[in-house]
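Okay, so here's the structure we're looking at.
A short reminder: the numbers here are calculations on the coordinates, not readings from a lab. From a predicted model like this one, the values you see are computed outputs, not experimental measurements. Here the Cβ is made from the backbone with ideal geometry for all residues, glycine too, and neighbour counts use every protein chain on show.
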Amino acid sequence: MYVTLKIGSGYMAKLYFKYGAMSCGKTTELLQVVYNYNRKGFNVILVKPEVDKKGDTKVVSRLGVEREVDYILSDDELLSDKVELDTVDSIVVDEAQFMNEKQINELWMISKLYDIPVLAYGLKSNFQGHLFEGSKTLLEKADVIEELVTICSCGKKARFNARKLGEEYTISGDEVAIDGIDATYEALCPECFIKKVLKVEDQKEIPKVLRKKNEK
Ligand SMILES: [Zn+2]
């Protein structure tokens, strides 16, 4: 039996998921990537979900760099509704955690069937420590998964995004509350998240707090 190999197409384009906690420099890296593609004459498109109200029609990094978004997708739209994909060299997505399962699956299929690399940047988990729909689908489908690191105020590696209302950490509320508009966020290491947000102060409290949660 013979297997036909398509010579020269051994490297299908990849779907990348680059995730990290708040303030890990995701948007700064994303804007650098878009700039580099543009400078070399490639047609890169910058996409973000409509639910991300921050920056309006722009992507703005914490270092002050910004760029206009090319396409904003509402929850019931697919990218192929809006873009002639044959002309696109690369797709970069900001706040990809807010995309739904269908939209991420579309990006995955685009990377394979159009041979267009897709770089999706976003958070992995929400303020309660659970995966967002977009992040979950990206973890399932991405060819390359990379964690961008930021540091907790205690100096350890931050992995969680704690939501704050004023000075208080909160564990209840809607999944989406945009940073700087509806609430503020702080990147915390697992230990600080357990102590400060889940309010488990010491070892003895672990079963007590977990059992209390089950009762709800
Ligand atoms: Zn910490």
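Summary table
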| quantity | calculated |
| --- | --- |
| Value at 222 nm in deg cm²/dmol, rounded to 500, when DSSP H runs of n ≥ 4 in the chain each add -39,500 (n - 2.57) | -7000 deg cm²/dmol |
| Lys/Arg +1, Asp/Glu -1 at C-beta; the stretch 15-215 dipole; positive extreme among ALA183, TYR16, VAL33 | ALA183 |
| Two-site FRET efficiency, GLN128 against TYR11, from Cβ-Cβ distance with R₀ of 41 Å, rounded to 0.05 | 0.60 |
| Folded to 0 to 90 degrees: helix 26-39 orientation relative to the chain principal axis, Cα | 10 |
| Subset of LYS26/LYS54; LYS82/LYS141; LYS14/LYS141; LYS54/LYS141; LYS136/LYS204 violating a 21 Å alpha-carbon distance limit | LYS82/LYS141; LYS54/LYS141; LYS136/LYS204 |
| Semi-axis lengths (Å, descending) of the ellipsoid that matches the C-alpha gyration tensor of the stretch 104-170 | 30, 14, 8 |
| DSSP bridge orientation in the chain - percent antiparallel, rounded to nearest 5 | 40 |
| Orphan Cys of the chain, criterion: no other Cys C-beta under 4.7 Å | CYS24, CYS154, CYS192 |
| Convex hull volume of the stretch 65-188 per residue (C-alpha atoms, cubic angstrom) | 133 |
| The chain, Cα convex hull volume normalised per residue, Å³ | 182 |
| Spherically averaged projected area of the stretch 1-107 from its Cα convex hull (nm²) | 9.1 |
| Long-range amide H partners of ALA183 with built H, under 5 Å | ILE178 |
